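Notes follow once the structure below has been shown.
The values are calculated or read from the model by the stated rules, or taken from the named source; none is laboratory data. Bear in mind the structure is a predicted one, so any value in this text is a computation, not a measurement. Note that we place each Cβ from the backbone using ideal geometry, even for glycine, and neighbour counts take in every protein chain shown. Surface accessibility is based on the protein's heavy atoms, side chains included, excluding ligands, DNA and RNA. Shrake-Rupley method; radii C 1.70, N 1.55, O 1.52, S 1.80 Å.
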Amino acid sequence: PAVSLRDGFIAFLQIVRNGQQTIWRMDMDGSNVKQLTQGKEDGSPAISPDGQWVIFTRQESPKFVLMKVPSEGGPAVQLTEYNSYVPSISPDGKWIGCYYYPDPNKGPSLAMVPFEGGEPAKVFPLPATIEFTPIHWTPDGRAISFVNSVNGVSNIWEQPVVGGSPKAVTHFTSGKIFCFDWSSD
């Protein structure tokens, strides 16, 4: 995603003329605009539940890694050393869900990374038919949801964090889903 909202502020992606992508923040009324990152290709901002951190993806050639930066500004810290994309923070703030590519010759898996970073605590295989769209934790934190397209039809699926097979949440018979989110209730 290019935008993340949380309790009074927005974290967003800005692309400038030379192609540099950086993460910025601003208050909900559009004031207090501030650049948070200095990378060449930063994206997919996600705000921690306490509003103190913005987790994002950074290209560190030849891979993409997860980073975090204080939401008020400061130095960014690298969280992963492996290909990891599109972070989503658990409702309790303890985990980061992300796409995980341990082998560039295979499709992605879904990983649960500790909020402090490091190796994935859990890795779940994903169907070969997933869509590369943002992932989201369910509001109760019991599953990570993603878009899966079978025969050209998109549906939202959930991967329980305790393990087991992912299951379809929606059962649409036509159409594509490009982005989704859960309401807090």
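Computed quantities for the displayed model
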| read-out | value |
| --- | --- |
| Leading residue by the ranking (surrounded by the most Cβ atoms within 10 Å (Cβ to Cβ)) among those in region 96-138 that are within 23 Å of V77 (Cα to Cα) and small (G, A, S) | G97 |
| Enumeration of residues in region 57-89 that are open to solvent by less than 30 Å² (accessible area, probe 1.4 Å), within 12 Å of the chain's Cα centre (by Cα) and of a type in the set (F, W, Y) | none |
| Selection from region 40-53 of residues that are within 16 Å of Q78 (Cβ to Cβ), open to solvent by less than 10 Å² (accessible area, probe 1.4 Å) and in contact with a Lys or Arg (Cβ under 7 Å, 6 or more places away or on another chain) | D42 |
| Strands (runs of 3 or more DSSP E) lying entirely in region 101-173 (those with 1 or more residues that are within 14 Å of the chain's Cα centre (by Cα) and not acidic (D, E)) | 109-114, 143-150 |
| Neighbours by Cβ (under 9 Å, 6+ apart or cross-chain): first from region 34-51, within 17 Å of G19 (Cα to Cα) and hydroxyl-bearing (S, T, Y); second assigned to a loop (DSSP other than H, G, I, E, B) and open to solvent by 10 Å² or more (accessible area, probe 1.4 Å) | T37/A76; S44/P1; S44/A2; S44/P134 |
| Sole residue being open to solvent by 10 Å² or more (accessible area, probe 1.4 Å), small (G, A, S), at pLDDT 95 or above and at positive phi, chosen from G93, G30 | G93 |
| Region 139-172 - residue that is of a type in the set (V, I, T) and crowded, with 20+ Cβ neighbours inside 10 Å and, of those, nearest to L110 (Cα to Cα) | I144 |
| Checklist (1) in a strand (DSSP E or B); (2) closer than 25 Å to E158 by Cα applied to P49, failing item | (1) |
| Scan of region 28-70 for residues that are over 17 Å from G117 (Cα atoms) and polar (S, T, N, Q), ordered by number | S31, N32, Q35, T37, Q38, S61 |
